[in-house]
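**Q** Encoded as structure tokens, here's the structure I'll be asking about.
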Amino acid sequence: MSERRHFRFFLIPLLLAGAAGNPLAGTPPGGTRPDAAPRPRIRDLGLTPGILPPAPRNAITDVDGVRVGHRTLIRDRGIRTGVTAILPHGENLYQEKVPAAVWVINAFGKAAGFLQVREVGTLETPIVLTNTLAVGTAVQEVVRWSLEQPGNEETRSVNAVVGETNDGYLNDIRALPVTAADIRAAIEAATSGPVEEGSVGAGTGTRALGFKGGIGTSSRRLPEHLGGHTIGALVQTNFGGILTIEGVPVGEALGRHAFREESTSAAGPDANEGSVMIVLATDAPLSPRALERLARRSTPALGRVGSFVSHGSGDFVVAFSTAYRIPAKTSDSTDTVELLRDRELSPLFLAAVEAVEEAVYNSLLRATTITGHRGRTVEALPIEELRRLLDLPPAGR
């Protein structure tokens, strides 16, 4: 073990003592303290997870054409939820489908539309993420929105793809606050620019690895000698485990992790469970079979950040490529598509692992402390304690 790692573990008792208090006591409902500093991403702290470089935005929208939109619902003292929509491109998705695949790490979830994606290997609607009890509303509105698109006047079947995590600890989920208008607003807000992260959209009421979870994103761009392709990840984090960052057991050091003594009193009776939705996008020309192989690489990424894929975790991955389109109508009886050979996939596999890992970190770091349903509060990952634990200089240095 290196001297630096010894030093990190020497700090753990000090950090445990500091974490015993509540530095965010008095946080107003729905957000951070008024004097709270802006929340950083992982690279803002000086850490560079992995060995591959990110693309310019370090977001899923680095894959050309991909768009992301949010609808955040924070009202009264109990509504803390929302919607996040991911679009592979800005044209008619039903008429110009993209190759896609799904991978189920643990199926304790309410995903919709995944079986058809697995069977036929195409994605024909936006991917919508929301809370567990809003899946039905989302499916109906995604179908309605798709049928209304110019060119779909004769369409009689649409495979809406919707994923979820259960935000019922912070959100009054039984009130069914997500409406069709909210689903549509997220889709129509989708842009190809920077992606807002943290306690927004479908991540508004989530919690993960002992802290406030949320939406996170990251990307990798392969060097030209490895193909030059881009891969992006977006996550909705709401799962349990023992937070690990760059190999350091942060959750253990801060006393916030699965199965610790009295862990349920701080984060609720199901804090060790939960779910994660992962969306992977790439411009590499991959077949649905290769995209499924890519999606599977989310599993080691979750292991890196401390997930053990609990019994009650719904861990789902949707992967798609923007490299080519599959038309809904054609007179041709065959397709001709150039695909990346299997032996060229390994760099993309590493890129997927690194992008998902970093997206999870960003979801936690950008998330804000939230007080919600029944006055419950879930605190954000404490930045200064994290800096000390990881041997990083304080903010401003």
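The values are calculated or read from the model by the stated rules, or taken from the named source; none is laboratory data. Not measured: the values here are computed from a predicted model. All Cβ positions, glycine included, derive from the backbone under ideal geometry; neighbour counts span all protein chains shown. To get the accessible areas, we keep the full protein, side chains included, count just its heavy atoms, and leave off ligands, DNA and RNA. Shrake-Rupley method; radii C 1.70, N 1.55, O 1.52, S 1.80 Å.
**Q** Could you list, in sequence order, all residues of the stretch 296-316 that are of a type in the set (Phe, Trp, Tyr), part of a loop (DSSP other than H, G, I, E, B) and modelled with pLDDT of 95 or more?
**A** Initially, the stretch 296-316 is screened for residues of a type in the set (Phe, Trp, Tyr), giving 308, 316.
Still in the list and also part of a loop (DSSP other than H, G, I, E, B): 308.
Hits for the stretch 296-316: nothing passes.
**Q** Have a look at 365, 386, 345, 390 and point out the one that is surrounded by 17 or more Cβ atoms within 10 Å (Cβ to Cβ), within 17 Å of residue 295 (Cβ to Cβ) and within 24 Å of the chain's Cα centre (by Cα).
**A** Values: 365 fails: within 17 Å of residue 295 (Cβ to Cβ); 386 fails: within 17 Å of residue 295 (Cβ to Cβ); 390 fails: within 17 Å of residue 295 (Cβ to Cβ).
345 is the lone residue from the list that is surrounded by 17 or more Cβ atoms within 10 Å (Cβ to Cβ), within 17 Å of residue 295 (Cβ to Cβ) and within 24 Å of the chain's Cα centre (by Cα).
Okay, residues lined up against (1) among the basic types (Lys, Arg); (2) part of a strand (DSSP E or B); (3) buried (at least 24 other Cβ atoms within 10 Å of the Cβ):
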{"site": "202", "(1), (2), (3)": "no, no, yes"}
{"site": "217", "(1), (2), (3)": "no, yes, yes"}
{"site": "220", "(1), (2), (3)": "yes, yes, yes"}
{"site": "225", "(1), (2), (3)": "no, no, no"}
{"site": "228", "(1), (2), (3)": "no, no, no"}
{"site": "233", "(1), (2), (3)": "no, yes, yes"}
{"site": "236", "(1), (2), (3)": "no, yes, yes"}
{"site": "242", "(1), (2), (3)": "no, no, no"}
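**Q** Pairs needed: first member in the stretch 297-308, over 13 Å from residue 251 (Cβ atoms); second member anywhere, open to solvent by 70 Å² or more (accessible area, probe 1.4 Å); C-beta distance under 9 Å; at least 6 residues apart or different chains.
**A** Qualifying pairs under 9 Å: 302/308.
**Q** Given the criterion touching a residue at least 12 places away in the same chain (Cβ under 8 Å) and out of contact with any helix residue (DSSP H, G or I) (no Cβ under 9 Å at 6 or more places or on another chain), identify the matching residue among 102, 98. Give the steps one after another, and end with the answer.
**A** Working: 102 fails: out of contact with any helix residue (DSSP H, G or I) (no Cβ under 9 Å at 6 or more places or on another chain).
Exactly one residue qualifies, and that residue is 98.
**Q** Can you spot a residue in the stretch 52-73 that is acidic (Asp, Glu), surrounded by 22 or more Cβ atoms within 10 Å (Cβ to Cβ) and either in contact with a Leu (Cβ under 7 Å, 6 or more places away or on another chain) or farther than 16 Å from residue 321 by Cβ (or both)?
**A** Going through the stretch 52-73, the residues acidic (Asp, Glu) turn out to be 62, 64.
In the following step, the residues that additionally are surrounded by 22 or more Cβ atoms within 10 Å (Cβ to Cβ) were identified as 62.
In the following step, the residues that additionally are either in contact with a Leu (Cβ under 7 Å, 6 or more places away or on another chain) or farther than 16 Å from residue 321 by Cβ (or both) were identified as none.
Checked against the condition, which is being acidic (Asp, Glu), surrounded by 22 or more Cβ atoms within 10 Å (Cβ to Cβ) and either in contact with a Leu (Cβ under 7 Å, 6 or more places away or on another chain) or farther than 16 Å from residue 321 by Cβ (or both), the stretch 52-73 yields no hits at all.
**Q** Turning to a different aspect of this structure: Can you find a residue that is at pLDDT below 95, open to solvent by 10 Å² or more (accessible area, probe 1.4 Å) and not in a strand (DSSP E or B) anywhere in the stretch 277-295? Don't jump to the end; show me each part of the working.
**A** From the stretch 277-295, those at pLDDT below 95 are none; that's our starting set.
No, every residue in the stretch 277-295 fails to be at pLDDT below 95, open to solvent by 10 Å² or more (accessible area, probe 1.4 Å) and not in a strand (DSSP E or B).
**Q** Considering the stretch 161-196 alone, what residues qualify as being within 25 Å of residue 101 (Cα to Cα), in a helix (DSSP H, G or I) and among the hydrophobic types (A, V, I, L, M, F, W, C)?
**A** 183, 186, 187
**Q** Name every residue in the stretch 317-340 that is touching a residue at least 24 places away in the same chain (Cβ under 8 Å) and in a loop (DSSP other than H, G, I, E, B), in order of residue number. Walk me through it before giving the result.
**A** Residues of the stretch 317-340 touching a residue at least 24 places away in the same chain (Cβ under 8 Å): 317-329, 337-340.
Passing the criteria: 322, 323, 324, 325, 328, 329, 337, 338, 339, 340.
**Q** If you don't mind, there's one more thing I want to ask. Out of all the residues in the stretch 169-177, is one or more surrounded by 17 or more Cβ atoms within 10 Å (Cβ to Cβ) and under 23 Å from residue 317 (Cα atoms)?
**A** Going through the stretch 169-177, the residues surrounded by 17 or more Cβ atoms within 10 Å (Cβ to Cβ) turn out to be 169-173, 177.
Narrowing further to those that are under 23 Å from residue 317 (Cα atoms): none.
No, the conditions are met nowhere in the stretch 169-177.
**Q** Let me ask you something else. Quick check on my filter: what residues within the stretch 74-93 are closer than 19 Å to residue 142 by Cβ and crowded, with 20+ Cβ neighbours inside 10 Å?
**A** Restricting attention to the stretch 74-93, the residues satisfying the condition of being closer than 19 Å to residue 142 by Cβ are 81-93.
Listed by number, the residues that qualify are 81, 82, 83, 84, 85, 86, 87, 88, 93.
**Q** Here is a further query. Consider only pairs whose beta carbons are under 7 Å apart and that are at least six residues apart or on different chains; among these, list those whose first residue lies in the stretch 175-195 and is under 23 Å from residue 374 (Cβ atoms) and whose second residue is assigned to a helix (DSSP H, G or I).
**A** 176/133; 178/134; 178/137; 179/137
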